[in-house]
Amino acid sequence: MILWRVALFFFLFTAPVWASDQAAEDRMLGIASELRCLVCQNESIAASQADLAADLRQQIREQIRAGKSDDDIRTYMVERYGDFVLYRPPLKPTTMLLWFGPFVVLALGIVVLVMNLRSRNRKPKHAALNEEERRHADALLAPPHNVLDET
């Protein structure tokens with residue numbers, strides 16, 4: 001019976017701690033999902049398995065325990081690692097390349113493709129051969145000559 005009382009006592013006094021730890025962990029994952037892993041660069045800190053991402057998740061946990069707001073934590077990460085750490089960096093002169101770079105590269109690719117296709121259409125499809133080139137081509141295309149039939 002005393003074992004039940006100890007178990008009940010343990011559960012009643014540790015359940016709020018578990019709940020607050022889970023809430024803090026959920027909050028950490030929410031913040032970490034908005035931040036880019038600096039090693040992987042195509043994954044969030046929440047999803048990345050890199051050692052740096054684990055360290056950054058731990059830093060977020062520590063700041064949550066210290067009572068920092070989500071905006072304070074994001075600001076800290078940007079001050080330390082730059083706007084690149086954000087999946088949605090603010091639009092300002094230093095982040096223009098992050099926002100518009102892919103579109104510029106796509107537009108340049110389309111321009112190069114169109115120019116290439118136009119230059120192909122300008123070239124004559126069949127160039128006229130002069131008499132010497134025609135004789136050479138006919139000789140190459142003529143059926144093979146059987147040496148055994150001549151003897």
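The values are calculated or read from the model by the stated rules, or taken from the named source; none is laboratory data. No experiment lies behind these values; they were computed from the predicted model shown. Heads up, the Cβs are rebuilt from the backbone with ideal geometry, glycines too, and the neighbour counts pull from every protein chain shown. In case anyone asks, the SASA skips ligands and DNA or RNA and just uses the protein heavy atoms, side chains included. Shrake-Rupley method; radii C 1.70, N 1.55, O 1.52, S 1.80 Å.
When Arg57 is tested against the conditions (1) at pLDDT 85 or above; (2) of a type outside the set (Asp, Glu); (3) within 16 Å of the chain's Cα centre (by Cα), the lone failure is (3). A Cβ distance below 6 Å, combined with a sequence gap of six or more or placement on separate chains, defines the contacts here; from region 74-90, residues that are on the phi < 0 side of the Ramachandran plot and surrounded by 14 or more Cβ atoms within 10 Å (Cβ to Cβ) reach residues that are part of a helix (DSSP H, G or I) and modelled with pLDDT of 90 or more in the pairs Val85/Met77. With respect to the stated conditions, Asn121 is over 30 Å from Ser33 (Cβ atoms), open to solvent by 90 Å² or more (accessible area, probe 1.4 Å) and of a type in the set (S, T, N, Q). All of (1) in a helix (DSSP H, G or I); (2) in the same structural domain as Asp21 (by the TED database); (3) not polar (S, T, N, Q) hold for Ala47 with one exception: (1). Select from region 26-58 the residues that are surrounded by 14 or more Cβ atoms within 10 Å (Cβ to Cβ) and farther than 16 Å from Leu86 by Cα and list them in ascending order. Those that are surrounded by 14 or more Cβ atoms within 10 Å (Cβ to Cβ) and farther than 16 Å from Leu86 by Cα: Arg27, Ala50.
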